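Trainee: Once you've had a glance at the structure underneath, I'll fire off some questions.
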Amino acid sequence: MKRPHAWLALLTLPFLSPVFAAPSITYPAGPGPGAGRHLVFLTGDEEYRGEEGLPMLAKLLSQRHGFRCTVLFPLDPDGTINPDNNASVGDSEQLASADGIVMMLRFRQWPDDAMRAFAAAVARGVPIVALRTSTHAFRFPEAHPTSFRTFNTFGREVLGEGWVSHWGPNRKGATLTVVEPGAETDVLLRGIGPVFGDSGLYEVHPVADARILLRGQVLTGMKPTDPPDTYRKKRKVDGVEQGINDPLMPVAWSRIHAPPAGAGNRVFCTTLGAATDLLDEDLRRLVVNAVYWGAGLEVPARADVRVVDPYQPTDYSFKGYRRGLRPEDHALGQALPASRAAPPAAPASPKQ
């Protein structure tokens, strides 16, 4: 009997079997009212570290509220997370079973198969919770060969507002919310106090059927105790000058998106949502309340929003993401590690 070649024998050794990293991460549902409903979290923004904030929210909603949560990331070919890769999203097939979407995207140009999956989920009426840059989630060039460039207006048409301009200055004037008169008893605001975010306000003018929940004050500094600012500024939408806080810009709203065809979506949108904003427990509670509301569940009187694992988010900045991380680095039971490689020097930050 011939002996097998040595290299053939080596192929049978377990430690030489190829290992492929998962393109997403799923947190199994713990006990809770979510009862295993599947939430899909879409990350992909270059500045505000959604790739850190959304996994924290997914852990919280899975372990404290009973939802099964899957987080999708923009990936490089080697499987590492790269939020600057705006043409990538891993494991978009997960959207086919989504009972709800939580998203923080910015100017994505996803491939057609991912866009088809996203469009199908929206068309079948899944509820949507959208954070910060999701108002400008997609930006396909005019020469793009498919109809998905119509998603360039997804923010305005579905969420209720698109990209207009910055209103409060990042890193100079933080945001503190006040309740919109008449919204005090809205279920989405149960257990919510003033929300503080260290990201600046956006200029927004939501569609007429949006229900404004919170408005934002531009503060004179970066502490919640700093007073509201008083300078004047011209709105980009119409060139009219107003006091920076007179009137206050909306910062959170809800609406029912009713498309010409397909099912309607329960939509909650806030222009807060940087990973550092989510250190504020009232903002986390607002997101959790929105998930319950979207799912048609009774919103808790005061939802449990304790983080599951240690959460120390990176300060927001362009090119400031942690390098070399993979979806499995966000596993339950561990804190997010530091970058596995030093980041390059950051260029001057563009606006938006």
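Here, each number is a calculation from the coordinates, and none is a lab measurement. Here the structure is a predicted model, which means the values were calculated and not measured. Don't worry about glycine lacking a Cβ; one is built from the backbone with ideal geometry, like all the others, and counts go over all protein chains shown.
Trainee: In degrees between 0 and 90, to the nearest 10, how far off the longest principal axis of the chain does helix 281-295 point, with axes built from Cα atoms?
Mentor: 80 degrees
Trainee: Putting +1 on Lys and Arg Cβ atoms and -1 on Asp and Glu Cβ atoms, find which of Ala258, Phe67, Gln334 reaches farthest to the positive end of the dipole of the chain.
Mentor: Positive-most Cα among the choices belongs to Gln334.
Trainee: Expressed as a rounded percentage, what relative contact order does the chain have, with Cα pairs under 8 Å and six or more residues apart? Mind dumping the intermediate values first?
Mentor: On the way: 827 pairs, mean separation 65.3, N = 352.
So the answer I get is 19 percent.
Trainee: Taking the Cα centre of the chain as origin, sum charge times position over the Cβ atoms of Lys and Arg (+1) and Asp and Glu (-1), and report the length of that vector in debye to the nearest 20. Numbers along the way, then the final one.
Mentor: Details: 38 positive and 37 negative charges, 85 e Å.
The dipole of the chain has a size of about 400 debye.
Trainee: Return one quarter of the surface area of the convex hull spanned by the alpha-carbon atoms of segment 218-266, equal to its mean projected area, in nm². Walk me through the numbers on the way to the answer.
Mentor: On the way: hull surface 22.3 nm².
Over every viewing direction, the Cα hull of segment 218-266 projects on average to 5.6 nm².
Trainee: Using Cβ counts within 10 Å as a stand-in for footprinting exposure, how do Tyr316, Tyr48 rank, fewest first? Intermediate results must be reported in sequence, preceding the final value.
Mentor: Numbers: Tyr316 25, Tyr48 30.
Fewest to most other Cβ atoms nearby, the residues stand as Tyr316, Tyr48.
Trainee: Another one. Suppose R0 equals 22 Å; then what is the FRET efficiency for Glu281 and Val187 from their Cβ-Cβ distance, rounded to the nearest 0.05? Don't jump to the answer; show the numbers that get you there.
Mentor: Numbers: r = 18 Å, r/R0 = 0.83.
Between Glu281 and Val187 the formula returns 0.75.
Trainee: Modelling each spin label as a point 7 Å along the Cα-to-Cβ direction, I'd like the Arg235/Lys172 distance in nm, to one decimal.
Mentor: 2.2 nm
Trainee: I'd like the distance separating the alpha-carbon centroids of segment 160-185 and segment 195-220, in whole Å.
Mentor: A separation of 2 Å, based on Cα centres.
Trainee: Any idea what log10 I(q)/I(0) is at q = 0.09, 0.13, 0.14 Å⁻¹ for the chain, Debye with uniform C-alpha scatterers and no solvent?
Mentor: One equal scatterer on each Cα of the chain leads to -0.48, -0.99, -1.16.
Trainee: Which of Glu142, Glu47, Glu180 has the fewest other C-beta atoms within 10 Å, and how do the rest follow up to the most?
Mentor: Going from least to most buried by this count: Glu142, Glu180, Glu47.
Trainee: Please give, to one decimal in nm, the separation of the simple spin-label points placed at Ala21 and Asp113, each 7 Å out from Cα toward the Cβ.
Mentor: Using points 7 Å along Cα→Cβ, the separation is 2.0 nm.
Trainee: When only DSSP loop residues count, what chymotrypsin sites (Phe, Trp or Tyr not before Pro) in segment 155-241 have their Cβ near at most 10 other Cβ atoms within 10 Å?
Mentor: Of the chymotrypsin sites (Phe, Trp or Tyr not before Pro), the ones in loops of segment 155-241 whose Cβ has at most 10 other Cβ atoms within 10 Å are Tyr231.
Trainee: Then there's this: Divide by every residue of the chain the summed helix terms, -39500 (n - 2.57) for each DSSP H run of at least 4, and state the resulting mean residue ellipticity at 222 nm, rounded to the nearest 500 deg cm²/dmol.
Mentor: So the helix-based figure for the chain works out to -4500 deg cm²/dmol.
Trainee: Follow-up question, since we're still on this one. Which whole-angstrom value gives the distance between the alpha carbon centres of segment 298-338 and segment 230-275?
Mentor: 26 Å
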